[in-house]
Amino acid sequence: MELSRRNFFKILGVTGASVVAVKGKARAWESKAPPDPFGCLVDLTRCIGCRKCEQACNDVNALPKPDRSFDDLTILDTKRRPDEKTFTIVNRYYPGKIDERDQLIPTFVKIQCMHCQDPACVSACIAGALTKKENGTVHYNVSKCIGCRYCMVACPFEIPAYEYFNPITPKVMKCTFCFDRISKEGGQPGCATICPVEAITFGKRNTLLKLAKKRIKENPADYIDQIYGENEVGGTSWMYISGVPFEKIGFNKLPSEPMPKLSETVQHSLFSYLWSPIALYGILGGIMWAFRNNGDNTEIENNGGAR
Amino acid sequence: MSHQAYPLRAKLWTPGVLVLSALMAIGAVIIVARFIGGIGYVSNLSTARPWGLWIGVDVASGVALAAGGFTTAFLAHILGRHTYEPVVRPALLTAMLGYTFVVLGLMVDIGRSWAIWKPMFNWNTNSVLFEVAMCVMFYVTVLYIEFIPAVVEQFKGKVNLPGLLGKLNAPSEFLMGLADRILGKIMWVFIIAGVVLSCMHQSSLGSLMLIAPTKLHPLWYTPMLPLLFLTSAIAVGYPMVVFEATIATTSMKLDSEMKVLAPLTRITILLLGLYMSLKIGDMVIRGTYVYLLDGTAQTNSFLIELGLGVILPWLLLLSKKVQTSRRGLFITCTLIVLGVLLNRINVFIVGYKPPLGDSSYFPAIGEILVTVGLIAALMFLYRFIITYLPVFSAPGKEVSS
Ligand code: SF4
Ligand code: SF4
Ligand code: SF4
């Protein structure tokens with residue numbers, strides 16, 4: 001363990017310099033959200049639960065045909081989640097409203113990836129296989145993926161699914177926001193174009209926010225005053241307006257802080273430019289040098305004899 | 001040094017080792033099944049529960065329980081307390097094997113095992129997992145380098161390969177001579193690096209969950225997770241050394257190393273005390289004690305973790321009677337080890353309850369058999385290596401008495 005005097009001062013110098021260099025550059029966490037992304041506004045007061053969007057999504061993404069046909073509406077009796085063969089699903093809720101004939105009024109909720117503005121999945125991905133694009137999509141590049149599934153752990157909407165039965169080349173599966181389609185001029189997501197009642201509006205997120213606010217303002221009796229996705233986890237590209245409180249129809253309450261903020265702040269304040277490991281290295285080197293002649297070897301002789 | 005480590009040269013194929021081999025064989029069969037039918041074929045992992053037993057135990061707990069490697073290296077080589085030298089090599093061996101199996105466990109768990117190298121060329125420095133992976137990669141390398149002297153000591157000047165391989169005798173001798181001369185001079189570089197890398201990824205394993213505040217139970221979710229993971233890893237290092245040294249010396253009929261082990265546990269009073277106060281303080285400040293008596297499985301698991309795994313052993317350590325009894329120390333250290341193990345299981349499995357999807361999860365029999373098989377393989381290799389390489393330095397019982 002020869003740590004010579006010269007080596008020791010070498011480490012000390014590098015340590016000092018690097019700590020000084022970093023102190024000047026440390027900065028607060030900044031959102032990496034694109035300024036003018038596309039989005040979709042889902043108006044739950046309009047949705048009639050026809051499952052046409054599910055079918056369109058299945059078509060445009062060339063997903064495997066489902067066991068039960070898309071015309072089968074009895075499937076709405078069970079609560080479903082998107083999975084590795086289905087990027088979007090519609091669930092039916094009875095939040096308690098009744099019509100004039102005392103019948104419960106259903107609310108239908110379409111679920112898919114929210115394409116968060118500061119996505120947890122993107123921050124988490126070990127290899128940068130997931131990225132947030134300028135046009136708003138959260139895009140998956142399978143060629144970088146190692147299948148660690150940390151994105152699934154991180155996603156607050158529990159969206160990414162996994163091909164658990166593919167032994168060698170499984171993929172993370174989630175709504176693509178029809179990346180290829182909307183990258184073309186005038187292109188729209190499959191689900192938005194098909195909707196017969198225009199429950200899904202595609203457009204720039206900023207425009208959609210204005211539209212949502214307008215609808216809520218003009219029909220205050222029909223809507224609750226909240227746009228789900230405006231502030232949740234720092235904002236999402238997909239947003240919802242509804243006539244019933246979101247907690248009653250399967251939406252979870254989420255903080256308005258972007259999910260990656262805390263972990264990225266911790267990570268970068270500790271490890272940017274590797275300042276803390278370098279400093280620790282220097283300190284340990286110092287300790288090692290200071291104790292280099294700590295001759296308790298005699299002690300061991302005594303102890304050894306006593307054994 | 002008066003006490004040279006030496007190969008134990010005991011009988012290898014004892015009944016215990018045969019049991020280990022059987023467990024290894026079963027685990028191997030399941031691993032083959034995983035690579036034929038997919039992860040879903042042998043596990044209960046789902047969309048809501050993408051991480052299960054393999055990440056919670058094979059990876060997270062494996063890393064925590066290998067902490068003896070860097071804590072003893074710090075004590076003996078950085079603080080220069082050479083009295084502790086006899087436990088450094090066994091702890092180093094545990095760490096080396098522990099991390100090797102962490103990597104093997106990962107290879108089974110990740111979907112595209114063949115792509116495991118990709119993060120090296122696709123950096124995402126925002127990702128906590130990226131940092132953990134890089135540290136583990138470098139640390140495994142450091143551990144292997146630190147272990148080279150044990151190999152060199154055994155074979156230098158004695159290389160005598162049979163038949164055709166005989167041609168390799170001279171080159172191997174040369175390499176070992178080279179390693180011997182160079183490593184002695186620069187080993188300090190790796191020793192410090194090992195401690196630094198350990199501190200980095202031990203804490204970052206805790207940071208992994210910071211990104212999922214809505215999923216991890218509030219009893220565990222705290223911004224302090226990285227600090228709690230680091231302090232618990234440091235606290236479990238020496239108890240783990242006591243735990244395995246006691247088992248190894250008993251099963252190999254060696255003189256117990258109480259002279260070295262007893263003072264280690266006195267340091268542990270301090271280290272475990274630090275972890276305990278951080279953990280309890282965090283609970284008090286965040287007010288999460290309100291959950292303590294609500295009777296859910298998670299809360300009970302927390303109570304066991306804190307009560308039996310941290311507070312009880314800490315109190316036991318204070319007692320003079322425990323400090324001087326080999327049995328007492330062993331029981332106490334076992335409690336500490338199990339406490340940290342349960343903590344990792346709690347953070348990654350029990351406390352992880354996603355609110356939307358079907359969050360139920362219990363490891364499938366296949367997952368359990370793989371984990372058991374990997375642990376059996378680790379124990380087998382440990383025994384194999386201490387039999388043929390100089391790791392232990394405690395004299396045999398009959399010699400000393
Ligand atoms: S909803 Fe989940 S998967 Fe989709 S962008 Fe947000 S974090 Fe990623
Ligand atoms: S599973 Fe793939 S996409 Fe998800 S975090 Fe891991 S490497 Fe990234
Ligand atoms: S945006 Fe495209 S991928 Fe996403 S739910 Fe709609 S159709 Fe499916």
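The values are calculated or read from the model by the stated rules, or taken from the named source; none is laboratory data. A quick note: this is a predicted structure, and the numbers were derived from the prediction, not measured. Reconstructed Cβ throughout: ideal geometry from the backbone, glycine too, with neighbour counts over all protein chains shown. For the accessible areas, the whole protein counts, side chains as well, though only heavy atoms, and no ligand, DNA or RNA atoms are used. Shrake-Rupley method; radii C 1.70, N 1.55, O 1.52, S 1.80 Å.
Some values worked out for this structure:
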{"read-out": "Estimated translational D of chain A in µm²/s (Stokes, Kirkwood radius over Cα pairs; 10 °C; 1.306 mPa s)", "value": "69 µm²/s"}
{"read-out": "Alpha carbon centroid spacing (whole Å) that separates the range A:86-112 from the range B:102-154", "value": "49 Å"}
{"read-out": "Inter-part distance where the range B:1-77 and the range A:189-218 are each reduced to a Cα centre, Å", "value": "53 Å"}
{"read-out": "Lys pairs under 25 Å by Cα in the range B:2-399, provided they are eight or more residues apart or on distinct chains", "value": "17"}
{"read-out": "Candidate residues B:Leu315, B:Leu197: accessible-area rank, largest first, probe 1.4 Å", "value": "B:Leu315, B:Leu197"}
{"read-out": "Accessible area per residue, Å², the range B:92-153 with all protein chains present, probe 1.4 Å", "value": "35 Å²"}
{"read-out": "Gain upon complete extension [B:Thr250, B:Ser21; 0.36 nm per residue less C-alpha separation]", "value": "80.4 nm"}
{"read-out": "Sum of side-chain charges, B:Glu173 neighbourhood, beta-carbon under 11 Å (Lys, Arg +1; Asp, Glu -1)", "value": "+1"}
{"read-out": "Relative contact order (%) - chain A, alpha-carbon pairs under 8 angstrom, separation at least six", "value": "26 percent"}
{"read-out": "Vicinal HN-Hα couplings computed from phi for the range A:204-213 (Karplus, 6.51 cos²θ - 1.76 cosθ + 1.60; Hz; Gly/Pro x)", "value": "5, 4, 4, 5, 4, 4, 5, 4, 4, 5"}
{"read-out": "Residue mean of other protein chain beta carbons inside 10 Å, B:222-230", "value": "1"}
{"read-out": "Where a label projected 7 Å from the Cα of A:Leu63 along Cα→Cβ would reach, residues of the range A:182-200 with amide N under 11 Å", "value": "A:191"}
{"read-out": "Debye log10 I(q)/I(0) for the range B:2-399, one point scatterer per Cα, at q = 0.07, 0.15 Å⁻¹", "value": "-0.34, -1.55"}
{"read-out": "Fraction of antiparallel bridges per DSSP, chain A only, in percent to nearest 5", "value": "85 percent"}
{"read-out": "Cα-based radius of gyration of the range A:188-235 once divided by 2.2 N^0.38 Å, which approximates compact folds", "value": "1.25"}
{"read-out": "Cβ-defined net charge surrounding A:Thr207, 12 Å radius [Lys, Arg +1; Asp, Glu -1]", "value": "+4"}
{"read-out": "Protection-proxy order for peptides B:376-382, A:222-228, A:144-150, each taking the mean of Cβ atoms within 10 Å per residue, highest first", "value": "A:144-150, B:376-382, A:222-228"}
{"read-out": "Between A and B, accessible area buried - total, square angstrom, nearest 100, 1.4 angstrom probe", "value": "6600 Å²"}
{"read-out": "Accessible surface of the range B:2-399 [probe 1.4 Å, protein heavy atoms]: carbon and sulfur percent", "value": "76 percent"}
{"read-out": "Packing-based ranking, highest mean first, of B:49-57, B:62-70, B:255-263 given that Cβ atoms within 10 Å are counted", "value": "B:62-70, B:49-57, B:255-263"}
{"read-out": "Burial ranking of peptide ranges B:131-142, B:300-311 (average Cβ count within 10 Å, highest at the top)", "value": "B:131-142, B:300-311"}
{"read-out": "Accessible surface of B:Trp117 - all protein chains present, 1.4 Å probe, nearest 10 Å²", "value": "120 Å²"}
{"read-out": "Using a Förster distance of 60 Å, the FRET efficiency for B:Lys156-B:Ile368 (Cβ separation, nearest 0.05)", "value": "0.90"}
{"read-out": "Inter-label distance for A:Asp36 and B:Tyr41, nm, one decimal - labels placed 7 Å from Cα along Cα-to-Cβ", "value": "5.1 nm"}
{"read-out": "Within 10 Å of each Cβ in B:183-196, the average number of Cβ atoms from other chains", "value": "5"}
{"read-out": "Tail fraction, Cα-Cα pairs, the protein assembly as shown, threshold 52 Å, whole percent", "value": "19 percent"}
{"read-out": "Helix axis angle, B:15-37 relative to chain B longest principal axis, alpha carbon, degrees", "value": "60 degrees"}
{"read-out": "Test item: A:125-134 mean partner chain Cβ contacts at 10 Å", "value": "5"}
